[in-house]
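Step one of this worksheet: look at the structure below.
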Amino acid sequence: MKLPKIRELKEAITALIKGPYTTKFPYEPHTPKPKFRGKTEYSKDDCVGCAACAEVCPAHTIEVEDIVDKDKKTGKRRITLFHENCIFCGNCVENCITKKGIKQTQEFDLATYDRKSVYSEVEKELVLCQCCGEVITTLEHLEWISKQVSEAEFTNPTLYLSKLKSLGLSSYEGIVGLIPFQRARRQLILCHKCRREATLER
Ligand code: SF4
Ligand code: SF4
């Protein structure tokens, strides 16, 4: 006869004292453990729209869409997480730059007829290069960077001009045509390519 191992004996005694490991779900509601990694959702207030979570998602289930209106020189970034492909690895939560932009809830029963509940979405205003119209990042992402670098933000016109603009203290639309010299354009909101060109211009 095969004798039980010490580990199995210990588990059997624990189960006798504390009750079984399994639950009676779906006949009784199941309460997951505190660290359970369930449905992944964005927090609209704490996400800044940097898209780092999409970069690290191994299941490629986070879609980033930059919608730009070239005539109005405005744009928005839409980030959508589709739950059906999520493998609940927690990589997005772990690598979120604000640490609060995305979280995993205790929700585990994801079967639904409601199409709106099969994804989680955030939309953020984009900042575009004032010279070429290229997407730089979102306004909230630039504000977040400004806070991290503190007073060093004043060394980067893209950071402090975006902040002034979001505070409603200044407006720079249409100013590009008024600045004839390339180097003077360094004092604008620029993508890395235009900033390099403006800086190297003699
Ligand atoms: S939990 Fe993992 S698979 Fe799901 S969205 Fe986050 S990174 Fe992607
Ligand atoms: S702030 Fe966090 S949740 Fe929002 S886009 Fe960036 S990494 Fe993703």
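Where a number appears in this text, it was derived from the coordinates with a stated rule and is not lab data. Keep in mind the model is a prediction, meaning the values are calculated, not measured.
On a 0 to 90 degree scale, rounded to 10, what angle separates helix 157-166 from the longest Cα axis of the chain?
Helix 157-166 sits at roughly 80 degrees to that axis.
In degrees from 0 to 90, rounded to the nearest 10, what is the angle of the helix 139-149 Cα long axis to the longest principal axis of the chain?
90 degrees
Could you give the Stokes-Einstein D for the chain in µm² per second, using the C-alpha Kirkwood radius, 25 °C, 0.890 mPa s?
D = 118 µm²/s.
For segment 53-129 and segment 1-51, what is the separation of their C-alpha centers, rounded to whole Å?
Here the two parts' Cα centres lie 27 Å apart.
Aspartates and glutamates within cross-link reach of Lys70: Cα-Cα under 15 Å, excluding same-chain residues under 8 positions apart?
Reachable aspartates and glutamates: Glu125, Glu134, Glu173.
Using the Karplus curve 6.51 cos²θ - 1.76 cosθ + 1.60 with θ = phi - 60°, what ³J(HN,Hα) values do you get for each residue of segment 111-124, in whole Hz, with x for Gly and Pro?
Listing the rounded values in order: 5, 7, 9, 8, 4, 5, 8, 8, 8, 10, 9, 9, 10, 9 Hz.
Which three semi-axes in whole Å describe the equivalent ellipsoid of segment 32-128, each the square root of 5 times a Cα gyration tensor eigenvalue, listed largest first?
Rounded to whole Å, the semi-axes are 26, 15, 11.
Lysine pairs, Cα distance under 17 Å, 8 or more residues apart or cross-chain: how many in segment 71-143?
4
Which angle from 0 to 90°, rounded to the nearest 10, does the C-alpha axis of helix 6-18 make with the longest principal axis of the chain?
90 degrees
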